[in-house]
Amino acid sequence: MRALFRLRDFRCLTASIVANSVGMMSENVVLGWLVLELTNSPLMVGVAMGMRALPMFFVGVPAGALADRVPRRHLLMATGLGQGLTAASLGALVLLGRVRLAHVIVLTLAAGVLRAVEHAARQSYTHDVVGGPALVNGFAVLGVAMRAGWLAGSLGAGAVIARFGSGPAYLVVAAGFLTGGLALLPASASEATAAPNPGSLWRSVVDFLAAMRTDRTLVVLMVLTAGAEILGFSHQVLLPSLARDVLHAGPEGLGALNAARAIGGILGLVAASLRGAAHGGGALFLLVVLTFGVSLLGLAAAPYVVGFAGVVIILIVVNGVGALADLFAQSLLQLSVPRHLRGRAGGAWVVAIGLAPLGQMQIGALASLFGVSIAFGASGLALALLAIATAVLAPRARRL
């Protein structure tokens, strides 16, 4: 880790990710709370949060191709500026008392497009900065930095909403994204990311789809990543309802629940960084996905068995294994492709997590019909079964 932090570009990237993550998690908290206030519907919270991820499915591969053609550092700076402007616009609408659900949906969708480009560029840029041998540790360290930003954003946004309202909270979101973009100004990593004759952007997309047809490993990794996103990470949609309607904890309680997500992620990634190289990464990935599902089953029962403190502890566990699933997905995808496809491998990951709206809407619908605990339990069971089925039907995945 000391060797990583001797790299100026890595230090700049780490600072950028911390600030960007403050904005991202603050947005997550204020978006859920604002939509719940506007509609009083967990389903609509799922729809609104789905708008954050929906563009990733459609934009992911083109975004990855763009990251193979355009300087990745420039893309990261531009997307930080764009997300800051969309958040500031929503904050202004709330402060003026003119915000409507349609405004929230449209601006959140626009920010989602920018986030798709950012995610694809960030993964491949990380590979550029640290190199293949240090990639797992690099992702782990940056994952810890991200969760540290989430922790600050969760607690800060909950406190700002409780004291000042959703409008100022959206301005905090904007400040985080803008600071994240500016933090990359001193970086100077090599910008030579594209092939000498890359052809059209569409040709780049077609080439990557052809590579997926010939390499089933990419498909398996994308399916597991999508499953973790749809069935595992979608649990965040229910945190506003869990805080307000089940635990009766208010916006500060919601901030604490999101902070537990960040703490769990930090602990999981610190453990991963201490482990070292990802030997047997495929088998570990399957085990982590299985554990992710089982931990969600525990979360389903927690509000009625162990109370608020117990829910916080179980959320730490859920998000610890979730962070490990994310780490293995990103690392294995990057390491399974040649250099000229790194951006598009990042785009493949973006496509997989772009299926998140399916999970967010289904878990919101389940909660509206049957309650929060049933929704948690059903998602956890389905995720555990997916891991078992992949291990049985795709034995190659265990040998990655």
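The values are calculated or read from the model by the stated rules, or taken from the named source; none is laboratory data. Just so you know, these numbers come straight off a predicted model, no measurement behind them. Here Cβ is always computed from backbone atoms with ideal geometry, including for glycine, and neighbour counts include all displayed protein chains.
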Original post:
Can you find a residue in the stretch 106-123 that is more than 16 Å from Val22 (Cβ to Cβ) and of a type in the set (D, E, K, R)?
Top reply: no
Subject >> Test result for Ser89, touching a residue at least 40 places away in the same chain (Cβ under 8 Å), of a type in the set (Gly, Ala, Ser), closer than 30 Å to Leu238 by Cβ and assigned to a helix (DSSP H, G or I) >> reply: no
Subject >> Exclusive hit being surrounded by fewer than 24 Cβ atoms within 10 Å (Cβ to Cβ), over 23 Å from Ala226 (Cα atoms) and at pLDDT below 85, set Arg69, Arg100, Arg52 >> reply: Arg69
**OP:** With respect to Thr108, determine if the residue is hydroxyl-bearing (Ser, Thr, Tyr) and over 21 Å from Asp326 (Cα atoms).
**Re:** yes
Original post:
On the given criteria, is Gly97 part of a loop (DSSP other than H, G, I, E, B) and without any contact (Cβ under 8 Å) to a residue 40 or more places away in the chain?
Top reply: yes
**OP:** Could you tell me which of the residues Val106, Val129, Val117 is closer than 17 Å to Pro357 by Cβ and hydrophobic (A, V, I, L, M, F, W, C)?
**Re:** Val106
**OP:** Mind listing just one residue for me: the one in the stretch 353-371 that is more than 20 Å from Val321 (Cβ to Cβ) and not small (Gly, Ala, Ser) and, of those, surrounded by the most Cβ atoms within 10 Å (Cβ to Cβ)?
**Re:** Pro357
Original post:
Which of the following residues is in contact with a Ser or Thr (Cβ under 7 Å, 6 or more places away or on another chain), modelled with pLDDT under 80, of a type in the set (A, V, I, L, M, F, W, C) and part of a helix (DSSP H, G or I): Ala397, Ala367, Ala300?
Top reply: Ala397
